[in-house]
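Engineer: Quick one: the structure is below, and I'll ask about it shortly.
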Amino acid sequence: MKRRLFGFTLIELLIALIIIAILAAVAYPSYVGYITKTRRSDGQTALLDLANRMERYFTVNNTYVGATLANVGTTATTPGGYYTLSISASGATTYTIQAAPAGSQTSDTQCATLTLNQLGQKGKTGTGTVSDCWQ
C-alpha cells in the first residue's frame, strides 16, 4: 500500500522563490524612488521657509545684503537632514537660496540641488524637469 506524503517539492519551492525574487526586483527600485521623492519635500519646505525669513530680513533692513543663515534665524541643515541650505547670492534687491542634497539624498540625480530666488522662481541642477522636482 502506498502512502501519500503531503508537502512541497523542491521544484515548487524554487518556483515560489523565483516569483518572490522577481517581485522584489520590481518593487525595490520603485520603493527607493518613492523615498527619494518624499525626501525632496524636506528641501522644498526648508527653502520656502528660508524665503519667508529672507523677506522678513528685507522688511527690517531694506536690503538682502548681509543676510546669512544665522541672522535670518535658521540652521544650515534641513529638519530631516537630507539637504544643506545656503544663501548663494544676495544683492540689495535680489537673492538666490539653495538646498544641496546631503547624506543618502545625494543619490538623487534627477533633481540634485534645489534653488529659489526672490521672485519665487524655482530651479534645480539635476536631469529632471523643474515641475517634476517641485511637485
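Nothing in this text is a laboratory measurement; each read-out follows from the coordinates by a stated rule. Here the structure is a predicted model, which means the values were calculated and not measured. So basically every Cβ, Gly included, is an ideal-geometry build from the backbone, and we count neighbours across all protein chains shown.
Engineer: Would you check if there is a residue in segment 70-86 being under 25 Å from Gly126 (Cα atoms), of a type in the set (S, T, N, Q), surrounded by 10 or more Cβ atoms within 10 Å (Cβ to Cβ) and in contact (Cβ under 8 Å) with a residue 40 or more places away in the chain?
Structural biologist: Just the residues of segment 70-86 that are under 25 Å from Gly126 (Cα atoms), to begin with: 75-86.
Checking the rest, the ones that are also of a type in the set (S, T, N, Q) come to 75, 77-78, 84, 86.
Filter again for surrounded by 10 or more Cβ atoms within 10 Å (Cβ to Cβ), leaving 75, 77-78, 84, 86.
When the remaining residues are screened for being in contact (Cβ under 8 Å) with a residue 40 or more places away in the chain, the result is none.
No, segment 70-86 has no match at all.
Engineer: Would you mind finding the one in Thr63, Thr38 that is of a type in the set (Ser, Thr, Tyr) and in a helix (DSSP H, G or I)? Working first, answer last.
Structural biologist: Numbers: Thr63 fails: in a helix (DSSP H, G or I).
Going through Thr63, Thr38 in turn, the sole match is Thr38.
Engineer: Here is a further query. Which number in (1) touching a residue at least 12 places away in the same chain (Cβ under 8 Å); (2) surrounded by fewer than 17 Cβ atoms within 10 Å (Cβ to Cβ); (3) outside any helix (DSSP H, G or I); (4) not β-branched (Val, Ile, Thr) marks the one condition that Ser104 misses?
Structural biologist: Result: Ser104 passes all but (3).
Engineer: Please find, within segment 93-120, the residue that is farthest from Gly81 (Cα to Cα) out of those that are of a type in the set (A, V, I, L, M, F, W, C) and touching a helix residue (DSSP H, G or I) at 6+ places or on another chain (Cβ under 8 Å). Let's see the steps before the verdict.
Structural biologist: Taking segment 93-120 as the starting set, the residues that turn out to be of a type in the set (A, V, I, L, M, F, W, C) are 97, 99-100, 102, 111-112, 114, 116, 119.
The next check asks that each one be touching a helix residue (DSSP H, G or I) at 6+ places or on another chain (Cβ under 8 Å); those that pass are 97, 99, 111, 114, 116.
Working: Ile97: 17, Ala99: 11, Cys111: 17, Leu114: 15, Leu116: 19 Å.
Applying the filter and picking the extreme gives Leu116.
Engineer: Right, here's the next one. For residues that are touching a residue at least 40 places away in the same chain (Cβ under 8 Å) and over 17 Å from Asp49 (Cα atoms), tally how many sit in segment 111-135.
Structural biologist: The qualifying residues number 2.
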